[in-house]
Amino acid sequence: MKIGFISLGCAKNLVDSEMILSILKKAGCIIVNDPVEADAIFINTCGFIEPAKAETIATIKEMKEYGKKLIVTGCYAYRYKEKLLKEMPFIDRVIPLTDYPKIHLILEDVFRDYNLKFQPLKYEERLLTGSPYTPYVKISEGCNNNCTYCAIPLIRGKFRSRTIEDIVAECRLLVESGAVELNLISQDTTRFGADWSNDGRSKLPELLREVSKIANVQMIRILYLYPDEITDELIQEVKNNPLVANYFDIPIQHISSKILKRMNRRGKKDFIINLLNKIRKEIPNSIIRTTYIVGFPGETEEDFQELYDFTKEFEFDRLGVFTYSKEEDTASFDFPNQIEESVKIDRLNQIMKLQKQISRKRNRNLRNTEHLTIVENYDPESKFYYGRSYAFAPDDIDGMIVFQSKKPLNEGDVVNVLIKSNFEYDLIGDAIFEEVKA
């Protein structure tokens, strides 16, 4: 049985895809890249916002043309299962997230090939599709924050943490298989362990300490931190633990207290500014990344100007902007004062134009600094290597370090790079090596 597999959406969905791929491979299936060769095609879908949903539908329709058995899984499959079954009867099976615990039994029913022996999903058994040197580790599932614009709680359910023991075991296996950087992710990473701890407090600092004990791990990165759950303890753990990247991925979504309240985001403008300034004071070389939503219902020109001015003043190291997506079954769907799409796009473009200038300036300040860099790729034509330091997350959002080396390097090697110049989002440099004195 030959299987084609397409994974859409975020890194958390990618982890699910890698677990499903492992089930298929261990069962005896052959994973192929060309859908023409496949006997069956899996599409792990995203159903978060309108562009992601449009991509899901387009991908399903494209794969239908190959005439192969078609299995649709993931977030869109959960959110719109009945719609898929009604409007796309050519789909052989829709497997929503809630059926993942019994997915091995469902696959037995789908394929009816008793030579294939399917096993249950396991985090520690993944077929990595990205870099084996910088894998993601999903530490929890679901979300309790109930932001008025967000469908994640509807799709992924209530917040549920894994145990520290399970996560450490998975991390140890990944490092033993060659990983040098571990990227801890979830819908709300900062809340980790609060659902099962005796005092209701986050256990993220404790998890970082335990993962740090794994032999040969070289860097741990935490992604998606909810602002009001970033404690002084967590900041100090990042500051004092040499293995934890000084990297704070904090989606604040807006800075207007009025808009934050309408979004049901905890913490007002002053709180956010104080938190961000505290991080920069405690860890001067920290990288702070955030995301905004512009065009939220009721966002006035004054609200947007407040956001623009704040962006100009604070100067985030990394910044992404989304236009508000009106999602059914979310509280903001029926909010008054919806914003015209053209206005949303104009506001997005204004912020991103400003951020490009900020990024160029902040990257220019990194010239003549050294970055311990993980090698990810090599272009034999240009003779440039591509890699990332603590300052760049592995999700193709932040940019990269592009450099040359007098010595040959392999993917997964870690080398010091002296930064010589920069583009808006990338740093350019040369690998440097300590000379051995006679």
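State to the nearest 20 debye the size of the charge dipole of the stretch 370-432 about its Cα centre, where the only charges are +1 on K and R beta carbons and -1 on D and E beta carbons.
Working: 5 positive and 12 negative charges, 76 e Å.
The calculated dipole for the stretch 370-432 is roughly 360 debye.
According to a simple spin-label model (label point 7 Å from Cα along Cα-to-Cβ), what is the distance in nm between residue 119 and residue 146?
In this crude spin-label approximation the distance works out to 4.0 nm.
Let me check I have the definition right: for the stretch 136-364, take the eigenvalues of the Cα gyration tensor, multiply each by 5, take square roots. What are those semi-axes in whole Å, largest first?
Ellipsoid half-lengths, sorted descending, are 32, 21, 15 Å.
Place a +1 charge on the Cβ of each Lys and Arg in the chain and a -1 charge on the Cβ of each Asp and Glu, then give the dipole magnitude about the Cα centre in debye, rounded to the nearest 20.
Values: 61 positive and 67 negative charges, 61 e Å.
About 300 debye.
Straight-line reach from residue 2: which lysines have Cα under 16 Å away, leaving out those fewer than 8 places along the same chain?
Result set, ordered by chain and number: 25, 26, 68, 69, 117.
Rank 332, 63, 372 by how far each Cα sits towards the positive end of the charge dipole of the chain (+1 on Lys, Arg Cβ; -1 on Asp, Glu Cβ) and give me just the farthest.
So the residue furthest toward the plus end is 372.
How would you rank 407-416, 93-102, 293-302, highest first, on the average number of other Cβ atoms within 10 Å across their residues?
Result, highest mean Cβ count within 10 Å first: 293-302, 93-102, 407-416.
What are the aspartates and glutamates whose alpha-carbon lies under 17 Å from the alpha-carbon of residue 353, with same-chain residues fewer than 8 places away excluded?
Cα-Cα hits under 17 Å: 306, 309, 313, 315, 317, 398, 424, 426.
Could you list the residues of the stretch 361-380 with an amide nitrogen less than 13 Å from a label point located 7 Å from the Cα of residue 285 in the Cα-to-C-beta direction?
366-373
Quick one, can you get me the convex hull of the C-alpha atoms of the stretch 1-157 expressed as volume per residue in Å³? Display every interim value, and only then the final one.
On the way: hull volume 18.4 nm³, N = 157.
Taking only Cα atoms, the stretch 1-157 has a hull volume of 117 Å³ per residue.
Assigning unit charges at the beta carbon (Lys, Arg +1; Asp, Glu -1) and nothing else, what dipole magnitude in debye, to the nearest 20, does the stretch 248-317 show about its Cα centre? Spell out each step's value before the answer.
On the way: 12 positive and 12 negative charges, 87 e Å.
Dipole about the Cα centre, nearest 20: 420 debye.
Express in whole angstrom the spacing between the alpha-carbon centres of the stretch 315-349 and the stretch 365-438.
With the stretch 315-349 and the stretch 365-438 each reduced to a Cα centre, they are spaced 36 Å.
May I ask for log10 I(q)/I(0) of the chain at q = 0.06, 0.08, 0.13 Å⁻¹, from a Debye sum over the Cα atoms as equal point scatterers with solvent left out?
-0.27, -0.49, -1.33
How many nm is it between the label spots at residue 365 and residue 424, if each spot is 7 Å from the Cα in line with the beta carbon?
Here the modelled spin labels are 2.0 nm apart.
Based on other C-beta atoms within 10 Å, arrange 419, 351 from fewest to most.
Values: 419 22, 351 19.
Final ranking by Cβ density, sparse to dense: 351, 419.
Give the average over all directions of the projected area of the C-alpha convex hull of the stretch 370-432, one decimal, in nm².
Working: hull surface 15.8 nm².
Its average projected convex-hull area is 4.0 nm².
Students often get this wrong, so check it: of 64/86; 213/356; 203/281; 12/406; 53/268, which have C-alpha atoms separated by over 27 Å? Let's see the in-between values first.
On the way: 64/86 15 Å; 213/356 39 Å; 203/281 24 Å; 12/406 37 Å; 53/268 31 Å.
Beyond 27 Å between Cα atoms: 213/356; 12/406; 53/268.
Please give the length that would be gained between residue 312 and residue 328 if that part of the chain were fully extended, namely 0.36 nm times their separation in residues minus their C-alpha to C-alpha distance (nm, one decimal).
Values: separation 16, 0.36 × 16 = 5.76 nm, distance 3.35 nm.
Full-extension gain reported as 2.4 nm.
Would you mind ranking 10, 143 by Cβ crowding within 10 Å, fewest neighbours first?
Numbers: 10 18, 143 22.
Fewest to most other Cβ atoms nearby, the residues stand as 10, 143.
Give me the distance in nm between label points sitting 7 Å out from Cα along the Cα-to-Cβ direction at residue 406 and residue 216, one decimal.
According to this spin-label approximation, the distance is 3.0 nm.
How big is the antiparallel share of DSSP beta bridges in the stretch 35-162, given as a percent to the nearest 5? Don't jump to the answer; show the numbers that get you there.
Details: 2 of 12 bridges.
Of the beta bridges lying entirely in the stretch 35-162, close to 15 percent run antiparallel.
Rounded to the nearest 5, what is the percent of antiparallel bridges among the DSSP beta bridges in the chain? The partial results should precede the final answer.
Values: 21 of 61 bridges.
Expressed as a percentage, antiparallel bridges in the chain total about 35.
Could you run the Debye sum over the Cα atoms of the stretch 1-76, one equal point scatterer each and no solvent, and tell me log10 of I(q)/I(0) at q = 0.21 Å⁻¹, two decimals?
Normalising to I(0) and taking log10 leaves -0.90.
Quick test of your reading: applying the under-4.7 Å Cβ rule, which cysteines of the chain are isolated?
Singleton cysteines: 10, 29, 46, 75, 143, 171.
List the lysines whose alpha-carbon lies under 29 Å from that of residue 407, not counting same-chain residues fewer than 8 positions away?
383, 420, 437
No lab work stands behind these numbers, since they all come straight from the coordinates. Keep in mind it's a predicted model, so treat the numbers as computed, not measured. Here Cβ is always computed from backbone atoms with ideal geometry, including for glycine, and neighbour counts include all displayed protein chains.
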